[in-house]
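Reviewing the structure listed below.
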There are 6 protein chains.
Amino acid sequence: MAIEFDTGLPSIRQIQTLIRDQQTVELKLLTGDVFNGSVVWQDAHAICLSVDGQTTLAMRSAVAYIKITG
Amino acid sequence: MAIEFDTGLPSIRQIQTLIRDQQTVELKLLTGDVFNGSVVWQDAHAICLSVDGQTTLAMRSAVAYIKITG
Amino acid sequence: MAIEFDTGLPSIRQIQTLIRDQQTVELKLLTGDVFNGSVVWQDAHAICLSVDGQTTLAMRSAVAYIKITG
Amino acid sequence: MAIEFDTGLPSIRQIQTLIRDQQTVELKLLTGDVFNGSVVWQDAHAICLSVDGQTTLAMRSAVAYIKITG
Amino acid sequence: MAIEFDTGLPSIRQIQTLIRDQQTVELKLLTGDVFNGSVVWQDAHAICLSVDGQTTLAMRSAVAYIKITG
Amino acid sequence: MAIEFDTGLPSIRQIQTLIRDQQTVELKLLTGDVFNGSVVWQDAHAICLSVDGQTTLAMRSAVAYIKITG
């Protein structure tokens, strides 16, 4: 389930930009759960979100999409 | 979740053609979400769409199909 | 998500035969979508279908089954 | 999506026995589809079933379980 | 879909203990199916269960959880 | 389905901290099942939870998210 975590890839860089700029994202999981929050960090397995101050590890294998909302 | 991102593969080249020609696609995710928009870029992890001017990263592991609609 | 695309494997060869003979298949995705059409090409990531003249890339990771119908 | 197709593994050998003995199986996919039939062959990507005389390639990544029914 | 089948890993060892002690487990698949039975063997692709005397190969990629119930 | 189990990765370290501090987590699976409990151990394939004193192996490939709740 690990991904090739190449920081030069556009998708990894786009998420790094989201972290740096503290932009709001809408992240949807395969379960149908939708989180609106900011990205705290990413690694090969997970995208860590802050949603209303609560820490949530969204597993990459379960992420359907990330929309940049603000 | 990374894919072997070989730009010589037909599926990668077809998506590159869609990007170059700014063709409209219908992309469906395993969640059932359907996006109608254009492809902005692709990498090993994601297909970046522009849908009504909004940037959406569709995770490759969650993509069910891509229909070329226009 | 890439597969070991060994053209000697029975499943790859069977799909090559379907392409050559322009046989009709029923392909079902994990979303529940069912496509009836012919296979145009396959690569490590996708199976390209022609369904009522429209090009559809079915992602291999999302394919549940392929039935040979005609 | 390819699997390590080591013919010495118990799960691969069990399916080979099912093929040789033409035993009936119940195979369920992640879509909820249930097939009752016999296994014709297996490779790294698919399990080929004969169900009421029709050939069906069940993709391994979509198989939930195989029950040996007869 | 194969896993790194390292018999030193805690999860592999825990299942070996279940086999040795013939403990009852509740195994749930991504389909929602729940099996109550004992584990007969495991390999890189499957966990073989005996449920009411019937042999069932639960594919690892489709297993959601295993609860140790007795 | 094995993951690159690099103990230096933030997501692995965060779960190690949860284990050490016996924090309560909410873990949701792709089946929709939600477990509230503490993490006992993790390895490349599973996250072992204690939920009301019962041992549950949550398969990593089936985990949607982990929320740190207490």
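Of all residues in the stretch B:57-70, which are of a type outside the set (F, W, Y) and either under 10 Å from the mean Cα position of the chain (by Cα) or away from chain A (no Cβ under 11 Å) (or both)? Those that are of a type outside the set (F, W, Y) and either under 10 Å from the mean Cα position of the chain (by Cα) or away from chain A (no Cβ under 11 Å) (or both): B:L57, B:A58, B:M59, B:R60, B:V63, B:I66, B:K67, B:I68, B:T69, B:G70.
Only residues that are within 23 Å of C:V34 (Cβ to Cβ), surrounded by fewer than 20 Cβ atoms within 10 Å (Cβ to Cβ) and in contact with a helix residue (DSSP H, G or I) (Cβ under 7 Å, 6 or more places away or on another chain) were counted across the stretch D:2-26, and they come to 0. What do you reckon, is F:A58 assigned to a strand (DSSP E or B) and either in contact with a Ser or Thr (Cβ under 7 Å, 6 or more places away or on another chain) or modelled with pLDDT under 95 (or both)? No. Of the residues making up the stretch D:38-53, those that are farther than 23 Å from E:V63 by Cα and at pLDDT 95 or above are D:S38, D:V40, D:W41, D:S50, D:V51. Condition test on D:S11, is it under 27 Å from F:S61 (Cβ atoms), hydroxyl-bearing (S, T, Y) and away from chain C (no Cβ under 14 Å)? Considered against the rule, which asks whether it is under 27 Å from F:S61 (Cβ atoms), hydroxyl-bearing (S, T, Y) and away from chain C (no Cβ under 14 Å), D:S11 comes out as yes.
Do you know which residues across the stretch F:11-40 are over 14 Å from the mean Cα position of the chain (by Cα) and either under 13 Å from A:A44 (Cα atoms) or touching a residue at least 24 places away in the same chain (Cβ under 8 Å) (or both)? Hit for the stretch F:11-40 is F:T31, nothing else. Looking only at residues of the stretch D:27-47 that are more than 7 Å from every other protein chain (Cβ to nearest Cβ) and under 16 Å from D:S11 (Cβ atoms), we find that the one that is surrounded by the most Cβ atoms within 10 Å (Cβ to Cβ) is D:I47.
Checked against (1) under 25 Å from E:A64 (Cα atoms); (2) aliphatic (A, V, I, L, M); (3) part of a strand (DSSP E or B), A:V39 passes all but condition (1).
Residues of the stretch E:48-66 that are more than 20 Å from D:G8 (Cβ to Cβ) and surrounded by fewer than 19 Cβ atoms within 10 Å (Cβ to Cβ): E:S50, E:V51, E:D52, E:G53, E:Q54.
The values are calculated or read from the model by the stated rules, or taken from the named source; none is laboratory data. If you're wondering where the values come from, they're calculated on a predicted model, not measured in any experiment. Heads up, the Cβs are rebuilt from the backbone with ideal geometry, glycines too, and the neighbour counts pull from every protein chain shown.
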